[in-house]
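There's a structure below that I have some questions on.
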Amino acid sequence: MLAIAAGAVLACVRVAAQPGTPPRRIALLMPSSPAFSKPQLDAFMARLAEMGYVEGRNVAVEKRWADGKVDQLPVLARELLALNPEVVVAPSSPVAAAFKKATSKVPVVFTAVMGPVEQGFVASLSHPGGNMTGRSFRSEALASKLGEMLREIFPAARTIAVLEVDDPISKALRSTLQANMAKLGFTIEYVLVRNPAEFSSAFAQIARSRAEILFAGAAPMMVSNTRELVERAEKARLPVVALRRAFTAGGGLLSYDSDLRDDYRRAAEYVDRILRGAKPADLAVDQPERFHLSVNLRTARVLGIRIPQSVLVRADEVIE
């Protein structure tokens, strides 16, 4: 990453628009809605601007939003590729998977993906070897730390209901969650939800399982329906924990997340390197070292949950 950062510093000097030169073309497919994506997209565009790429002057960024509809990703990916971008950005595993199927030639920068090697996006983290590279999502570290905090908050809890979507995120996360939560004495009840119309039956299954905690993960479909999920969970007196801050901002109890804005800034730096001639095959996959813990104390009070001081002192954000 030092090489990427160092190169990025020089980019402002190198990215000078020449008269008559067509703008560099970037494509970006957001898995969620424009409203949810705005902070991350702003971070991406700001980092590009810091490196000398100004939209409307020397760069054109084609954007599409899937609004959590995973089935639309292949269509939107092909639509963007038809515009002949020089590089595409794929935030999340489902988006990266859609571009992997659609092209083996156009450079793809992914971010916030789980298990890029296991999913076949790259040959290895140090030597990607194909047309894809970027930043991975450290599910092992997240699951381990999240489990420890849940055990501190819920010392007597036994069952966690995990909402799953039939996508690479849930599949990559399942084995990691299972191993880490079992060591802490939790039993996991997996609940498959293919679309929002299945939320009602999903919560009926959760009620039968007598789960004490609801884990909503990080799948785009879940994130795009945060409000409904949190409202249903509140009626069921279930605390929601997740891997995206959107859930605590929307009334969930706790989220433990990578810094998405930093992920997007890193993606912009990969884009810069590729536009200046680097090949994705030679750019090592980055992994975040810092995570963001958000705790909603207002929700804790409503549900009658005491958050230990040992958790609060680690929080990056406490919502009162």
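The values are calculated or read from the model by the stated rules, or taken from the named source; none is laboratory data. Since this is a predicted model, take the numbers as computed values, not measurements. Because the Cβ atoms are built from the backbone with ideal geometry, glycine has one as well, and the counts that use them run over all protein chains shown. Keep in mind that these areas ignore ligands, DNA and RNA; they rest on the heavy atoms of the full protein, side chains included. Shrake-Rupley method; radii C 1.70, N 1.55, O 1.52, S 1.80 Å.
Considering segment 151-180 alone, what residues qualify as being aliphatic (A, V, I, L, M) and under 21 Å from the mean Cα position of the chain (by Cα)? Working first, answer last.
Of all residues in segment 151-180, those aliphatic (A, V, I, L, M) come to 153, 156-157, 160-163, 165, 169, 172-173, 177, 179.
Within segment 151-180, Ala161, Val162, Leu163, Val165, Ile169, Ala172, Leu173, Leu177 qualify.
For residues in segment 50-74 being open to solvent by less than 70 Å² (accessible area, probe 1.4 Å) and out of contact with any helix residue (DSSP H, G or I) (no Cβ under 9 Å at 6 or more places or on another chain), which is farthest from Pro22 (Cα to Cα)?
Checking each candidate, the answer is Ala60.
Looking at segment 102-118, can you tell me whether even one residue there is among the polar types (S, T, N, Q), buried (at least 21 other Cβ atoms within 10 Å of the Cβ) and touching a Lys or Arg at 6+ places or on another chain (Cβ under 7 Å)? Write out each step before concluding.
Step one: list which residues in segment 102-118 are among the polar types (S, T, N, Q), which gives 103-104, 111.
From what's left, buried (at least 21 other Cβ atoms within 10 Å of the Cβ): 111.
Filter again for touching a Lys or Arg at 6+ places or on another chain (Cβ under 7 Å), leaving 111.
The answer is yes, given that some residue of segment 102-118 is among the polar types (S, T, N, Q), buried (at least 21 other Cβ atoms within 10 Å of the Cβ) and touching a Lys or Arg at 6+ places or on another chain (Cβ under 7 Å).
Listed here are the residues, each with its yes/no results for (1) of a type in the set (Asp, Glu); (2) farther than 29 Å from Gln309 by Cβ; (3) out of contact with any helix residue (DSSP H, G or I) (no Cβ under 7 Å at 6 or more places or on another chain).
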site	(1), (2), (3)
Leu229	no, no, no
Leu254	no, no, no
Arg273	no, yes, no
Gly277	no, yes, yes
Pro280	no, yes, no
Asn296	no, no, no
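Assess whether Glu289 counts as being assigned to a helix (DSSP H, G or I), of a type outside the set (A, V, I, L, M) and open to solvent by 10 Å² or more (accessible area, probe 1.4 Å). Steps first, please.
Numbers: assigned to a helix (DSSP H, G or I): no; of a type outside the set (A, V, I, L, M): yes; open to solvent by 10 Å² or more (accessible area, probe 1.4 Å): yes.
The answer is no for Glu289.
Testing Arg265 on (1) within 20 Å of the chain's Cα centre (by Cα); (2) crowded, with 17+ Cβ neighbours inside 10 Å; (3) more than 27 Å from Val318 (Cβ to Cβ), one condition comes back false. Which one is that?
Only one criterion is unmet by Arg265, namely (3).
Just for segment 61-109: of the residues that are assigned to a helix (DSSP H, G or I) and within 18 Å of Ala281 (Cα to Cα), which one is nearest to the chain's Cα centre (by Cα)? Spell out the reasoning first.
Within segment 61-109, the first condition is being assigned to a helix (DSSP H, G or I), and the residues that meet it are 70-81, 93-102.
Now drop any that are not within 18 Å of Ala281 (Cα to Cα), which leaves 96-97, 99-102.
Values: Ala96: 11, Ala97: 14, Phe99: 16, Lys100: 17, Lys101: 20, Ala102: 21 Å.
Checked segment 61-109; the qualifying residue nearest to the chain's Cα centre (by Cα) is Ala96.
Pick out the one residue from Leu163, Leu177, Leu146 that is part of a helix (DSSP H, G or I), touching a strand residue (DSSP E or B) at 6+ places or on another chain (Cβ under 6 Å), open to solvent by less than 60 Å² (accessible area, probe 1.4 Å) and closer than 21 Å to Ser258 by Cβ.
On the way: Leu163 fails: part of a helix (DSSP H, G or I); Leu177 fails: touching a strand residue (DSSP E or B) at 6+ places or on another chain (Cβ under 6 Å).
Only one candidate passes the filter, namely Leu146.
Output the residue which, of all residues in segment 1-49 that are within 20 Å of the chain's Cα centre (by Cα) and exposed (fewer than 15 other Cβ atoms within 10 Å of the Cβ), is modelled with the lowest pLDDT.
Looking at the filtered set, the residue picked out is Met1.
Does Ala112 count as outside any loop (DSSP other than H, G, I, E, B), among the aliphatic types (A, V, I, L, M) and at negative phi? Can you show your working first?
Values: outside any loop (DSSP other than H, G, I, E, B): yes; among the aliphatic types (A, V, I, L, M): yes; at negative phi: no.
When the stated conditions are applied, Ala112 does not pass them.
Can you find a residue in segment 161-175 that is out of contact with any helix residue (DSSP H, G or I) (no Cβ under 9 Å at 6 or more places or on another chain), in contact (Cβ under 8 Å) with a residue 40 or more places away in the chain and within 30 Å of Pro34 (Cα to Cα)?
yes
Please find, within segment 238-262, the residue that is modelled with the lowest pLDDT out of those that are small (Gly, Ala, Ser) and open to solvent by 10 Å² or more (accessible area, probe 1.4 Å).
First, the residues of segment 238-262 that are small (Gly, Ala, Ser): 242, 246, 249-252, 255, 258.
Cutting the leftovers down to open to solvent by 10 Å² or more (accessible area, probe 1.4 Å) gives us 246, 249-251.
Working: Ala246: 85, Ala249: 90, Gly250: 91, Gly251: 94.
Within segment 238-262, the match that is modelled with the lowest pLDDT is Ala246.
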